[in-house]
Each structure stands twice: as structure tokens, then as C-alpha cells.
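This report refers to the structure that appears directly beneath it.
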């Protein structure tokens, strides 16, 4: 009997805590503008999140899609900064839908980047699993 | 007694599952720029959400307000695409606050569009009821 | 025994209701563009939230950072509107990270504004505590 009560209490507390129980802050950032100023702002925002929260306490995923895909091309003006971002623990993903539409192959993309099938699906699903959304 | 336990367990599980129990992914998209490139991007993003998740598995509401209201004018460059979006199951809403400010009447707006009293109130309330937010 | 049941039920309901139990709608708005049109749009959006929901029913925090910090300079074209926004009950915060990067001091900033150490940390943390996010 006591075990049943204990199980119920644990279940109830899990219910109450589900939204807050993440120990890490999680953030999905959108880059969808063909604007190198925005790319720098996004990377700077991500660094400030690491600085403000502690790099170990925040999961940052940058998703580049549509006109923002240029950020992740190998010859992008911010290519070195993208490499540094990944080296610092961030995830930076290119949208394969956009790549197909623009006839870009992985050979055109920064080797530090990862890939997602659809940038918008990724952004939406991360929000629904508890990530905050930032659109610089 | 068993029924009481069963009820408690169901209640606890409902608590735990409240945030995830939606069977459909729900997305509210904001269009607030006077930029036909952004209008096309928004419509393309919405199509990619349908393609990536299955049209039956996602509820998409596009809200146009402020300088973005131009997307929904009858003579907009994307008027046909707005009709197709609605035909495919999306909701596309014009902000009546913006229409009043710009002296637009329903006669000026794409017949496929719907209306909300305030675009920003709509976007905020949808988020608070569990919609993901996308701002292309 | 009844008390234990009652406690369990209350705990379960708290779990279920945690996300919706806020009586006020809470909104964090981002201003990160060096664009006075966007500053006016943001302030207008905020007024429309107050009008649509009732000023007593909504907590609005506007966070200006990066290129958006210009909105909160004392000589900004919208300085009087920022004062009115604060007088109407909104919070308007300047990002101290941005101020440091641009060598701005509090003497340069609208006296009606408040301050946050990091604009992006503020926006992310408010979302994670239940605020809706609006990026005009």
C-alpha cells in the first residue's frame, strides 16, 4: 500500500515538474535572413547566452534555413565564427530542404555544420519539447 | 477503492502529459513585414511544415498584421498562394486593428483570409495555449 | 487517509494546471533592429496587447539589445513613446552587454528604461518561465 502511495506521489510530482525539470536551459535560434549582420548578431547572442548562463548550463542550437543558409556556406564571411561556435559546444544545423531548393551539396557547406531535413520542422519541434526560441 | 486509485493515476498522468498530449503539432506564424520575399518565405515554411510532418498532423495559422497586412490584400503578389494555403488546410488571418488603422475594409482583403480582432493578441494567446511560434 | 487522498489530488491538479495557472498573460518583446519603424511597431503592438487584453491583465516586458538599443537612447526618435509605455505599466529594459560593447552609459539611456545584464538571457529565461515571445 505504501508503495502505491509513493508511486502516485512520484507520478504527481513528475507531472508538476515536467516543464521545469530541465537542468539545462535550451535555446533554438533561427537564422533565416541573407544578412551577414544578422549572422554576426546570432553568433554574438549565442556567445552571450553561454557567458550569461555558463556554457555548461545551456544547450544552443542554431538552425539556418531559407535565405539564412548563406551563413553556413564554406565561403561565408562568418565561416570561422561558425567553427568556433561549434567548438564551444553549440550545434549549428543547415536545412536540407533549403539546400535542395538552392542545389547546394554538403561540399558547399561548412564542415563544422550539421544537418536537419527541414529547418522549420526542427525549430517547431524543439519549441514543443521545451526549448526557448530566439529569432535575432 | 480501486476506482479511486485509477482516477488518481489518470489525473496524475494527465498532469504529466498536459504539455505533450496534443496529437497535432500547432504552429502560429507571424507576418509583420512589408516584404513580399518574407511573404513567400512564410508560405514556403508553412508548406514545408505540412510536407515534413504530414498535413493531417499539423495545424498552421498565419497571422498578418502591421506592415505585413499587404500579404493579404486582394491585389497582393502572393494572393493566389494565399488561396492555395487555405485550400491546403492552413488558416490565414488578417488583423482588424491594422485594417482599421490603414482604413482597409474586408472588400480589400483576399476572400480566402479570415480575421482576428488583434494580430498580436492572437499570436500571444496561441502561444500560451501550446502553439509553437515561427517568425520568418 | 482522506487527507492523503486530498493531498494527492491537489498535487495532481497542480501538476496539470501549472502551465495555465497564470492569471495574467505575460509577454516578452524583443527589439533588436536598428529600425525606428520596428521600434514604433513594437510600441504599437504592446499598446494593442494592453487594449485587447486589458492593461491590468497583461505583463509586457520590452527588451532592447544589439542594434535595437538605439530605441532606448535618450535622443531616440521614440523617446517620448518609451516614457509613455513605462507610464502605462510596461517594463522596458536595456541590455547592459550591448551598452558595454557600444560604450554607452546610463547617462545615454532614456531615464524611463530599466536594465538587464544580458538581453538574450532575459528573453530566454522569461520564455522558460511562461512568457509568450513576440519579435516584431
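Just so it is clear, none of the values below were taken in a lab; they were calculated from the coordinates. Keep in mind that what you see is a predicted model, and the values were worked out from it rather than measured. Because the Cβ atoms are built from the backbone with ideal geometry, glycine has one as well, and the counts that use them run over all protein chains shown.
Key figures for this structure:
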item: Fewest-first sequence of B:35, A:75 by Cβ atoms within 10 Å of each Cβ; result: A:75, B:35
item: Pairwise label distance in nanometres, residue C:23 with residue B:36, each label 7 Å out on the Cα-Cβ vector; result: 5.0
item: Average beta carbon contacts from partner chains per residue of A:80-91, 10 Å cutoff; result: 0
item: For residue A:55, inter-copy label distances in nm, listed shortest first [label point 7 Å out on the Cα-Cβ vector]; result: 4.6, 4.6
item: Shortest-first distances to equivalent copies, position residue A:88, nm, label 7 Å out along Cβ; result: 3.7, 3.7
item: Pseudo-label separations to other copies for residue A:23 - Cα-to-Cβ vector, 7 Å, nm; result: 3.6, 3.7
item: Average beta-carbon neighbours from other chains, 10 Å sphere, peptide B:105-118; result: 1
item: Residue order, fewest to most beta carbons within 10 Å, for B:99, B:29; result: B:99, B:29
item: Residues B:109, A:123, sorted so that the one with the fewest Cβ neighbours within 10 Å comes first; result: B:109, A:123
item: Residues listed by number, the stretch A:32-76, amide nitrogen under 15 Å from residue A:105 label point at 7 Å toward C-beta; result: A:74
item: Spherically averaged projected area of the stretch A:41-136 from its Cα convex hull (nm²); result: 5.8
item: Kirkwood hydrodynamic radius (C-alpha pairs) into Stokes-Einstein, the stretch B:29-88, 20 °C and 1.002 mPa s, D in µm²/s; result: 184
item: Calculated FRET value between residue A:55 and residue B:88, using beta carbons and R₀ = 60 Å, to 0.05; result: 0.90
item: Average other protein chain Cβ within 10 Å of Cβ, residues C:46-52; result: 5
